[in-house]
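These notes concern the structure reproduced below.
Read the figures in this text as sums done on the coordinates, not as results from a lab. Note that the structure is predicted; figures quoted are calculated from it, not measured. Reconstructed Cβ throughout: ideal geometry from the backbone, glycine too, with neighbour counts over all protein chains shown.
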Amino acid sequence: MNLLKTTLLFLISVILFSGCLETRKTPQKVNPSTEVKISGEMKNVMRLGKLEGSISLDTLNKKNLYGIGPVENLQGELMIFDGISYVSKVKTDSSMTVETSFDIKAPFFVYAQVDEWESETLPSSISNLDTLERYLDEKFKERYEPVVFKIEGQIDSATIHIVNLPDGSTVSSPEEAHQGIVYYPITNAKVDILGFFSRKHQAIFTHHDTFMHLHLITKDREMMGHLDEIDFGSNQLTLYWSK
């Protein structure tokens, strides 16, 4: 009887130990520790005309806060960068205003508090948004939740836009949502770019054909908007991403 008990205990131990080894061999999902939060949805704004604010930025904890989205009624762009809220609005077809204020609402907004960043020099092969998205898709292939990232440095050129929907407009399509939109060129400038990357939030906080949503602000804080195109040139830029 004692021999039988000893044999059974030995077999159980072997099975448990083998299970532990197998667990160690199995790749584990790597999720960021930074929690990305979302208020509202892009598709409801663009297709259902829900233009009113779904979130008041002055209700957010400002410590280490980062976020992007449009101003309610699609009359400007928002970017919170390191706890400072920037609001850009169209002034003319060639000029804009950029002010700092938390007294503003957004119809959809994606945001996070980032306590720690990882960083690296962006490879020289990354020249535009397409190559950046492919690079991030590979870099974050084992991360299953949204990732916050930022890019800092000198760029050759970029195009940003500010939504500028006329008062009283109704929206039932992206084309209608973009009435009054103004595009602004930027050349040879030092910039901060804030982005959110996710494979499962298309039409929620990214457009349906991309995994990224990015806003750009110049280092002098005179221009800010949604990033449409960019040429990084041969400059050395720094990529940061949330842990």
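Dipole magnitude for the chain: computed about the Cα centre from +1 point charges on Lys and Arg Cβ and -1 point charges on Asp and Glu Cβ, it is near 1180 debye.
Of Asp231, Asp93, the sequence from fewest to most neighbouring Cβ atoms within 10 angstrom is Asp93, Asp231. Pairs Lys141/Lys243; Lys91/Lys150; Lys63/Lys150: which exceed 19 Å Cα-Cα? Violating the 19 Å limit, Cα to Cα: Lys91/Lys150. Using alpha carbons only, how many angstrom separate the centre of region 63-115 from the centre of region 212-243? Between the Cα centre of region 63-115 and that of region 212-243, the gap is 15 Å.
Computed from Cα positions, the angle between helix 129-139 and the longest principal axis of the chain comes to roughly 20 degrees.
Sorted fewest first by neighbouring Cβ atoms within 10 angstrom, Ser125, Ser56, Ser242 come out as Ser125, Ser56, Ser242. Ordering Thr34, Thr100 by the number of other Cβ atoms within 10 Å of each residue's own Cβ, fewest first, gives Thr100, Thr34. Considering helices alone, the calculated mean residue ellipticity of the chain at 222 nm is -6000 deg cm²/dmol, with DSSP H runs of length four and up weighted by -39500 (n - 2.57) and normalised per residue. Straight-line cross-link partners of Lys89 among the lysines, defined as a Cα under 21 Å from its Cα and at least 8 positions apart when in the same chain: Lys50, Lys105, Lys190, Lys219. Counting only alpha carbon atoms, the long axis of helix 2-25 and the longest principal axis of the chain meet at about 20°.
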